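Novice: I'd like to ask you about the structure that follows.
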Amino acid sequence: MSREETPVADEELWQQTHHWLAERREAGSVCPIRSTRGVPSYLVSGYDEARVLLGEPRLSKDSAGAYRLMAEKAGGAILEAGRLFGGHMLNSDPPVHTRLRKLVNKAFTSRTVARLRPRIEEITGELLDEMARHEQVDLIEAFAEPLPITVICELLGVRPDDRGEFSGWSHTLLSVSGEEATRNAAMSMHAYLQQLVAGKRTEPGEDLLSDLVHATDEGDSLSEDELVSMAFLLLVAGHETTVNLIGNAAFALLRAPEQAAKLRADPSLLPGAVEEFLRFDGPINIATVRFTVEDVEADGVTIPAGEFVHISLLSANRDESRFPDAAELDVTRPPGGHLAFGHGIHYCVGAPLARLEAEIALGSLLRRFPQLSLAVAEEEVSYRPSSLVHGLVELPVRPHGG
């Protein structure tokens, strides 16, 4: 079966994301598309197809292969961020991926995450105390962003004074920015992370990055380039996704006060509600790039070898065939099955931390500010210009209502 190629309108994809994706699902769960740069690829929007293809070994994530294919299809130089930070586990296939993830798992354990609860609660309380002093704040800037960036930087051993600068570089790299701004951010971040890794090698601390620098498995260890790339992945993915999870969830609750009331009345619903927030309006739209190394058939469409495949996690999680009333937020919905953290061998290693932070953050926010309200019309809230991350530019709120 062949389907008509759809041109991607960036502004619509960013700002009317769910509407645009719903139209794609109606046209077919797997459709050829063409980006504004003219690069052809295939969009996967249906749940069943997304789940299968996220674990499909004929779809490669090897960064070197992806760059060669991009040069072939679009021409031009490799993006600076890809060149400098490509050597991490999210951009690799087995056996390289298996080796890298095994080394990371030795340092990034569920026990480490569980020990962070008191500190996350402490940071959350401090941020909410500051919010309480104001009649109006940007919830993203005041709360959703500083919480996860503080947590991941403390976990990895990044100096407090460096967090703001690091967050700025991250925003530039994950959003659509000018070529010069992107290059400068990538080079600044790379230089910083090189210096950070060198410091952990000579003077290790009680932090995850020091553990990674000194982690070994049967004599194996991470190379210098792998360490820098892994530090980049953990720092960026470790806060960007959670910023958007908290921000999107807060926005969803402000638009559905009856759902917020249910959580205030029964806080035991919170763990399941976090899963619903991840399903309903998750932090990642199109998963990081994959490409076919052999022909692959999905939903009656044959995707030839040598084609990029973009899997929309947001779209899969709104598929009515898997989630009845998928466009409705329901904090009592039975949890499970969503693809917000991916699926298969590349399932997000930081998922337990994101869940814990979101549960503490949202529960504390609801308790502390029962009159929390939007300070602008819903239509004025805009999304970041990115097809990867799905999150708000800002979320103006009145902590005490009004």
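Novice: Among the listed residues Gly300, Gly282, Gly363, identify the single one that is out of contact with any Pro (no Cβ under 8 Å at 6 or more places or on another chain) and under 28 Å from Ile149 (Cα atoms).
Specialist: Result of the check over Gly300, Gly282, Gly363: Gly282.
Novice: Among (1) assigned to a helix (DSSP H, G or I); (2) among the polar types (S, T, N, Q); (3) modelled with pLDDT of 85 or more, there is one condition Asn105 misses while meeting the rest; what is its number?
Specialist: Exception for Asn105: condition (3).
Novice: Give me the pairs, please: first residue somewhere in the stretch 24-42 and over 20 Å from Asn317 (Cα atoms), second residue anywhere and part of a helix (DSSP H, G or I) and modelled with pLDDT under 95, beta-carbon distance under 7 Å, and either six or more positions apart or on two chains.
Specialist: Thr36/Asp10; Arg37/Ala74; Gly38/Ala74; Val39/Lys73; Val39/Ala74; Pro40/Lys73
Novice: Let me ask something else about it. Looking at the stretch 318-327, which of its residues are under 22 Å from Lys262 (Cα atoms), surrounded by 12 or more Cβ atoms within 10 Å (Cβ to Cβ) and free of Cβ contacts under 8 Å to residues at least 60 places away in the same chain?
Specialist: Ala326, the sole residue that qualifies.
Novice: Do any strands (runs of 3 or more DSSP E) lying entirely in the stretch 280-361 carry at least 1 residues that are at pLDDT 95 or above and in contact with a helix residue (DSSP H, G or I) (Cβ under 7 Å, 6 or more places away or on another chain), and which ones are they?
Specialist: Counting at least 1 such residues, we get 290-292, 296-298, 308-311.
Novice: On to the next question. I want to confirm something. Restricting to the stretch 30-58 and keeping residues that are of a type in the set (S, T, N, Q) and at pLDDT below 95, which single residue is farthest from Arg322 (Cα to Cα)? Lay out the reasoning, then the answer.
Specialist: Of the residues in the stretch 30-58, the ones of a type in the set (S, T, N, Q) are 35-36, 41, 45.
Among the residues that remain, those that are also at pLDDT below 95 are: 35-36, 41.
Values: Ser35: 28, Thr36: 31, Ser41: 25 Å.
Of everything passing the filter in the stretch 30-58, Thr36 is farthest from Arg322 (Cα to Cα).
Novice: When residues of the stretch 384-398 are filtered for being of a type in the set (A, V, I, L, M) and either more than 10 Å from Gly247 (Cα to Cα) or without any contact (Cβ under 8 Å) to a residue 40 or more places away in the chain (or both), how many remain?
Specialist: Filtering the stretch 384-398 down to residues of a type in the set (A, V, I, L, M) leaves 388-389, 392-393, 395, 397.
Within this subset, residues satisfying the condition of being either more than 10 Å from Gly247 (Cα to Cα) or without any contact (Cβ under 8 Å) to a residue 40 or more places away in the chain (or both) are 388-389, 397.
Adding up the residues that qualify gives 3.
Novice: Over 20 Å from the mean Cα position of the chain (by Cα), over 30 Å from Arg398 (Cβ atoms) and either of a type outside the set (Lys, Arg) or buried (at least 17 other Cβ atoms within 10 Å of the Cβ) (or both) - does that describe any residue in the stretch 276-289?
Specialist: No; the residues of the stretch 276-289 include none that is over 20 Å from the mean Cα position of the chain (by Cα), over 30 Å from Arg398 (Cβ atoms) and either of a type outside the set (Lys, Arg) or buried (at least 17 other Cβ atoms within 10 Å of the Cβ) (or both).
Novice: Quick check on Thr150: is it buried (at least 19 other Cβ atoms within 10 Å of the Cβ), of a type in the set (Val, Ile, Thr) and in contact with a His (Cβ under 9 Å, 6 or more places away or on another chain)?
Specialist: yes
Novice: With respect to the numbered conditions (1) under 24 Å from the mean Cα position of the chain (by Cα); (2) surrounded by fewer than 22 Cβ atoms within 10 Å (Cβ to Cβ); (3) under 24 Å from Phe143 (Cα atoms), which one is the sole condition not fulfilled by His239?
Specialist: (2)
Novice: For the stretch 30-44, how many residues meet the condition of being of a type in the set (S, T, N, Q) and within 13 Å of Pro304 (Cα to Cα)?
Specialist: Total satisfying the criteria: 1.
Novice: If you check Arg333 against the conditions, is it touching a Leu at 6+ places or on another chain (Cβ under 9 Å), touching a residue at least 24 places away in the same chain (Cβ under 8 Å) and of a type in the set (D, E, K, R)?
Specialist: No; evaluated as a whole, the condition is false for this residue.
Novice: Can you confirm whether the stretch 181-202 contains a residue that is loosely packed, with under 13 Cβ neighbours inside 10 Å and in a loop (DSSP other than H, G, I, E, B)?
Specialist: no
Novice: Six or more apart or on different chains, Cβ atoms under 6 Å: show the pairs whose first residue is in the stretch 111-140 and under 17 Å from Leu254 (Cβ atoms) and whose second is β-branched (Val, Ile, Thr).
Specialist: Met131/Val137; Leu139/Val397
Novice: Additional query: Quick check on my filter: what residues within the stretch 22-43 are within 23 Å of Lys73 (Cβ to Cβ) and assigned to a helix (DSSP H, G or I)?
Specialist: Once the filter is applied, which keeps residues that are within 23 Å of Lys73 (Cβ to Cβ) and assigned to a helix (DSSP H, G or I), the stretch 22-43 yields Arg24, Ala27.
Novice: Continuing with this model, one more query. From the set of residues in the stretch 376-399 that are of a type outside the set (Phe, Trp, Tyr) and part of a strand (DSSP E or B), which is nearest to Phe341 (Cα to Cα)? Step through it out loud before you land on a result.
Specialist: Taking the stretch 376-399 first, the residues of a type outside the set (Phe, Trp, Tyr) are 376-382, 384-399.
Now restrict to residues that are part of a strand (DSSP E or B): 389, 392, 396-398.
Details: Val389: 12, Leu392: 19, Pro396: 27, Val397: 28, Arg398: 31 Å.
Selected residue: Val389.
Novice: Which residues, counting only those in the stretch 238-292, are more than 23 Å from Met89 (Cα to Cα), touching an Asp or Glu at 6+ places or on another chain (Cβ under 8 Å) and of a type in the set (S, T, N, Q)?
Specialist: Within the stretch 238-292, Asn248, Gln259 qualify.
Novice: In the stretch 6-16, is there at least one residue being buried (at least 20 other Cβ atoms within 10 Å of the Cβ) and either small (Gly, Ala, Ser) or closer than 17 Å to Ala298 by Cβ (or both)?
Specialist: no
Novice: Within the stretch 362-375, which residues are outside any loop (DSSP other than H, G, I, E, B) and crowded, with 20+ Cβ neighbours inside 10 Å?
Specialist: Within the stretch 362-375, Leu362, Gly363, Leu365 meet the criteria.
Novice: Can you name the condition, by its number, that Asp211 falls short on among (1) among the charged types (D, E, K, R); (2) surrounded by 19 or more Cβ atoms within 10 Å (Cβ to Cβ); (3) under 24 Å from the mean Cα position of the chain (by Cα); (4) modelled with pLDDT of 90 or more?
Specialist: Among (1) among the charged types (D, E, K, R); (2) surrounded by 19 or more Cβ atoms within 10 Å (Cβ to Cβ); (3) under 24 Å from the mean Cα position of the chain (by Cα); (4) modelled with pLDDT of 90 or more, Asp211 violates only (4).
Novice: Between a residue in the stretch 263-284 that is within 25 Å of Pro385 (Cα to Cα) and of a type in the set (D, E, K, R) and any residue that is at pLDDT 95 or above and in a helix (DSSP H, G or I), which pairs come within a Cβ distance under 6 Å, given they are 6 or more apart or on different chains?
Specialist: Asp281/Asn248; Asp281/Ala252
Novice: If I filter the stretch 243-258 down to residues being touching a helix residue (DSSP H, G or I) at 6+ places or on another chain (Cβ under 7 Å) and surrounded by fewer than 21 Cβ atoms within 10 Å (Cβ to Cβ), which single residue comes out as farthest from Arg398 (Cα to Cα)?
Specialist: Applying the filter and picking the extreme gives Ala252.
The values are calculated or read from the model by the stated rules, or taken from the named source; none is laboratory data. Computed from a predicted structure; not experimentally measured. Don't worry about glycine lacking a Cβ; one is built from the backbone with ideal geometry, like all the others, and counts go over all protein chains shown.
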